[in-house]
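Peer 1: This is the structure I have questions about; it appears just below.
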Amino acid sequence: MADNLSGQGEAKASRLLASPWHTLIVLAIWGVNTYSSAIHAGASRAGMGPGRPGIYLRTMAFEIVLLGIVAAGVWLRGASLRNLFGARWASVGQMFRDLGIGVVLLIVATAVVSILGGHQSGPDANRAIQFLLPQNSVEMVMWVALSITAAICEEAIYRGYFQGQFAALTGNVPAGIVISGLLFGGAHLYQGVSRAFVIFVSAILYGVVVRWRGTVRPGMFAHGIQDCVAPVLIRMMGR
């Protein structure tokens, strides 16, 4: 697999998706939001932050806006937006194929994370995100909407844009996967260092699948399913 990734890097690393200046702007926005999220999370854990509906709406709005900024940079460069998502489905069968790959990816990622860092995804780590979990039916509906938004936007931003852009900037596909994974884990530091590490490990696996399949859609399915069921699983683990 490593040789295959390196070979793809030889052919594709020279294609910048957007201007390097655009990437610096996106990284600056990413940094401000990461810091802001950590501050708000600390306040919420102390009972002084915004309520869960406010957090959900703010997060969805930010991710949609950031994806728009990313797409604008790709468009201005003259690159295809397919670089962010992959080619369109030509049939229903292709959609179900990506769904199937996404389910397998989710299972494998969960197993690998459990083996490499299971102690970092247990009750102690889960307590770090209790303030985020929906507590009623209205919040659950909003959580599902947030999960779908995050799956689409984050996979396009991190695995579609950052991964491809850093592969091009470094001339190395594995480097693009690792850097985008670090950024993805870093964006979740508000959940605690332990959980951010687990997310980083998962991001590497997601990135490999993107390079293999040439599309972020399997990752979108896996990401969305994982986030949607997370509140139920965390509560079960806490019993």
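The values are calculated or read from the model by the stated rules, or taken from the named source; none is laboratory data. Being a predicted model, the structure only gives us computed values, none of them experimental. Ideal geometry is used to build each Cβ from the backbone, glycine not excepted, and the neighbour counts take in all protein chains shown. Heavy atoms of the whole protein, side chains included, go into the accessibility calculation; ligands, DNA and RNA do not. Shrake-Rupley method; radii C 1.70, N 1.55, O 1.52, S 1.80 Å.
Peer 1: Sorted by accessible area with a 1.4 angstrom probe, largest first, how do 35, 161 fall?
Peer 2: Order by accessible area, largest first: 35, 161.
Peer 1: On to the next question. Please compute the Kirkwood hydrodynamic radius over segment 154-239, one decimal place, Å, based on all pairs of different Cα atoms.
Peer 2: Value: 13.3 Å, from the Cα pair sum.
Peer 1: Starting from the exponent 0.38 and prefactor 2.2 Å, build the expected Rg for the chain from its residue count and divide its actual Cα Rg by it.
Peer 2: Dividing the Cα radius of gyration by 2.2 N^0.38 Å gives 1.00.
Peer 1: Further question: PRE reach from residue 228 (point 7 Å along Cα→Cβ): which of segment 27-63 fall under 17 Å by backbone N?
Peer 2: Correct set: none at all.
Peer 1: Hydropathy first: keep DSSP H helices in the chain averaging at least 1.6 on Kyte-Doolittle, then drop any whose Cα extent along the axis falls short of 27 Å, and list what survives.
Peer 2: 92-117
Peer 1: Computing the accessible area with a 1.4 Å probe over protein heavy atoms, can you report the carbon and sulfur percentage for the chain?
Peer 2: The nonpolar share, carbon plus sulfur, comes to 69 percent.
Peer 1: In terms of solvent-accessible area of protein heavy atoms at a 1.4 angstrom probe, what is the ranking of 143, 89, highest value first?
Peer 2: Ranked from most to least accessible, the order is 89, 143.
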